[in-house]
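The values are calculated or read from the model by the stated rules, or taken from the named source; none is laboratory data. Keep in mind it's a predicted model, so treat the numbers as computed, not measured. A quick note on method: Cβ atoms are made from the backbone with ideal geometry, for glycine too, and the neighbour counts reach across all protein chains shown. The accessibility values were calculated without ligands, DNA or RNA, using every heavy atom of the protein model including side chains. Shrake-Rupley method; radii C 1.70, N 1.55, O 1.52, S 1.80 Å.
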Amino acid sequence: MAANKNKGAKSKNPPLKKKQRNHLFTEKKRPTKKDEVFDDVSDGQSEEEQLEEAEDLLDGDEQVSDFDDASDISDDDDAPLADDFLQGSDDEDEDRGSGSTSGSGSDSDGTDIEEKSRAIDEQREREEEDAQAEMQLNIKEESDEFRLPTKEELEAEQQRPPDLANLQMRIKDIVRVLSNFKELRQEGNTRKDYVDQLKMDLGSYYGYNEFLIGVLVDMFPVVELMELIEAFEKPRPTCIRANTLRTRRRDLADTLSKRGVELDQLSKWSKVGLVVYNSHVPIGATPEYLAGFYYIQGASSFLPVMALAPQEKERVVDMAAAPGGKTTYVAALMKNSGLIFANEMKETRLKSLTANLHRMGVTNTIVCNYDGRELPKVLGQNSVDRVLLDAPCSGTGVITKDPSVKTSKSLDDIQKCAHLQKQLILAAIDMVDANSKTGGYIVYSTCSMMVPENEAVIDYALKKRDVKVVPCGLDFGCPGYIRFREHRFHTSLENTRRFYPHVHNMDGFFVAKLKKMSNTKKNLVSSDGSETVEQTQRPEEIHSDEDNKKEIEQQKIKKQSPKGKKKSLKAKGLSGNGKVESPPTLKNRDRSENGKVELAATSKKRKRKFPSKEEISKAREEKRKAMRGQKKQPKEDKTGI
């Protein structure tokens, strides 16, 4: 009967069931309001009274609410998943009324989920620990088990196409071993074995020839060497120099930024440089470029001119001027005053030089086409205040611009460049006047990193001329080498500066500044150990001395008797009638004490020691006094008669 009554209750109130379902679904969405409803109901009320009160409260909430979800869910055409969920909730309500068995089941389900989640977390932690331990084990095994390839393996590699991934891994392993050689080296292998293999792998991977990669390995530690080689593979930033003869850097930057050029100041050490990050227009075809407002120039090319520091109203020589970047910078610093000799030996490059000079508004420059070694004869010795020598070189510092240097340069090329550079720097020193009030400086620069082209050339100049190395005036840069392998250079070469791509983010460059102390030339050391010095004079002084000597000789010849004339002519190699006499035969040559003839090849060469300037002046005064005394004697004889 109780069961029938229950069935009847259920059949009499079917909407109550749907509203109960609606009540349960909305309870999931808004638990706070439902909790308030069921908390206010007392424990003594019946189930039907509780449902009726809940229905009244929920109907009031539905009128206030902005959402229509509850009315949609209460329809008969609801989704089956919602019905299943609601039916399950009905069963849960019935279970609540029947007893506490459902509560114990839900507790057991919660504990099972927590245990499963804990087990998953613990499993993840164990997997991470195992992976970390395996990675450390692999690192140890790789470091311990790395070995150099055998000859058979190398021969097999040469027959196959190059495996770049394998080469890169082996280069890294060799660098790691060489950086900690005592602990990581393999027994039976020397450092030379690892270095030789590194040279081979670097040459194969990056495309260098054996000579160049060998020189770089000797110059740098392995870690720094890798940074340098990687820097050569990346382009250097584009830089421009504002032409102060036509504009200011700030105005130029504003104008170019309006045209879509993204730029910024180059650095604190330059007042005219700008670095271009991105440009929506061709940077070499803007109206400002064509008008000469700026010059596209690498950051490293600023440095020699800054070291030279030309002053206004000076005489300056640029021995290798084309295409004109450094010459126009010198003219801008001099404010178009003074005089600049822009020399270029190659005639084909004169067009670009003159075009840039006109475009940049330079008016104090004379363009000439001479061999730099002959310039002292053309311009005169000791005739200028400053000389800039950006010497022709092998170009090993600008591999980024010219990758062909990797394979085209050899030891013979370096030696030829060094020989030419030594001749050019001596010519540059001879042109500079040591007595200049504002100048007397020579700046030598190259875009090479080879020691024979840089430090060796400066050391040679120190031995041949009376000059010294002075600071370049640059706050950054690496000091030059004092010792390199078996070579030892003068300690003042610390004042020279080297610039590297991986350190300064500019092309490889070398800059040295020399100060001429006196206008003398140092010759080779004689056999007795004394060093002879030759006094160099200005062209005007040389001509005047020659004229004085000729006048003195003519006066002597006039006063001499005919016999004396013949003797003087014979001494000069002339006969009495003025004809040139034939050279003496073997019979007339000098004989030694034992009477044997000494040939030119066997006779000892005696080096003539040139007199100093003071001795020459004293000799002139004595000759003048003697001539005056001879003039007075005829007058006294006439008066005595």
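Tabulated results
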{"quantity": "Candidates 308, 290, filtered to the one that is touching a residue at least 12 places away in the same chain (Cβ under 8 Å), outside the structural domain of residue 429 (by the TED database) and over 30 Å from residue 207 (Cβ atoms)", "calculated": "290"}
{"quantity": "Check on residue 307, assigned to a helix (DSSP H, G or I) and over 19 Å from residue 248 (Cβ atoms)", "calculated": "yes"}
{"quantity": "Which numbered condition residue 188 fails, given (1) surrounded by 13 or more Cβ atoms within 10 Å (Cβ to Cβ); (2) modelled with pLDDT under 90", "calculated": "(1)"}
{"quantity": "Selection from the range 320-334 of residues that are small (Gly, Ala, Ser) and within 13 Å of residue 297 (Cβ to Cβ)", "calculated": "324, 325, 332"}
{"quantity": "Condition check for residue 401: touching a Leu at 6+ places or on another chain (Cβ under 8 Å) and of a type in the set (Lys, Arg)", "calculated": "no"}
{"quantity": "Residues (open to solvent by 30 Å² or more (accessible area, probe 1.4 Å) and of a type in the set (Asp, Glu)) located in the range 335-360", "calculated": "347"}
{"quantity": "Residue check for residue 121: open to solvent by 90 Å² or more (accessible area, probe 1.4 Å) and on the phi < 0 side of the Ramachandran plot", "calculated": "no"}
{"quantity": "Members of the range 383-404 found to be more than 30 Å from the chain's Cα centre (by Cα) and buried (at least 21 other Cβ atoms within 10 Å of the Cβ), listed by number", "calculated": "384, 385"}
{"quantity": "Pick from the range 159-217, criterion within 27 Å of residue 396 (Cα to Cα) and hydroxyl-bearing (Ser, Thr, Tyr), ranking: farthest from the chain's Cα centre (by Cα)", "calculated": "194"}
{"quantity": "Residue within the range 276-295 that is aromatic (Phe, Trp, Tyr) and part of a loop (DSSP other than H, G, I, E, B) present", "calculated": "yes"}
{"quantity": "Leading residue by the ranking (modelled with the highest pLDDT) among those in the range 140-165 that are among the basic types (Lys, Arg) and part of a helix (DSSP H, G or I)", "calculated": "151"}
{"quantity": "Total residues in the range 451-488, condition touching a residue at least 12 places away in the same chain (Cβ under 8 Å), open to solvent by 60 Å² or more (accessible area, probe 1.4 Å) and in a strand (DSSP E or B)", "calculated": "3"}
{"quantity": "Which listed residue is hydroxyl-bearing (Ser, Thr, Tyr) and open to solvent by less than 20 Å² (accessible area, probe 1.4 Å), from 363, 327", "calculated": "327"}
{"quantity": "Complete set of residues in the range 165-179 that are hydrophobic (A, V, I, L, M, F, W, C), in contact with a Phe, Trp or Tyr (Cβ under 8 Å, 6 or more places away or on another chain) and either open to solvent by 100 Å² or more (accessible area, probe 1.4 Å) or closer than 14 Å to residue 200 by Cβ (or both)", "calculated": "167, 171, 174"}
{"quantity": "Hits in the range 230-252 - residues which are in contact with a strand residue (DSSP E or B) (Cβ under 8 Å, 6 or more places away or on another chain), surrounded by fewer than 19 Cβ atoms within 10 Å (Cβ to Cβ) and not polar (S, T, N, Q)", "calculated": "237, 248"}
{"quantity": "Lone qualifier among 491, 407, 438 - being surrounded by fewer than 16 Cβ atoms within 10 Å (Cβ to Cβ), without any contact (Cβ under 8 Å) to a residue 12 or more places away in the chain and β-branched (Val, Ile, Thr)", "calculated": "491"}
{"quantity": "Any chance residue 201 is open to solvent by 30 Å² or more (accessible area, probe 1.4 Å) and outside the structural domain of residue 355 (by the TED database)", "calculated": "no"}
{"quantity": "Subset tally (residues that are out of contact with any Pro (no Cβ under 7 Å at 6 or more places or on another chain) and surrounded by 17 or more Cβ atoms within 10 Å (Cβ to Cβ)) for the range 498-512", "calculated": "10"}
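Here's the yes/no breakdown for (1) among the aliphatic types (A, V, I, L, M); (2) part of a loop (DSSP other than H, G, I, E, B); (3) closer than 26 Å to residue 324 by Cβ; (4) modelled with pLDDT of 95 or more:
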{"residue": "414", "(1), (2), (3), (4)": "yes, no, no, yes"}
{"residue": "419", "(1), (2), (3), (4)": "no, no, no, yes"}
{"residue": "437", "(1), (2), (3), (4)": "no, yes, no, no"}
{"residue": "444", "(1), (2), (3), (4)": "no, no, yes, yes"}
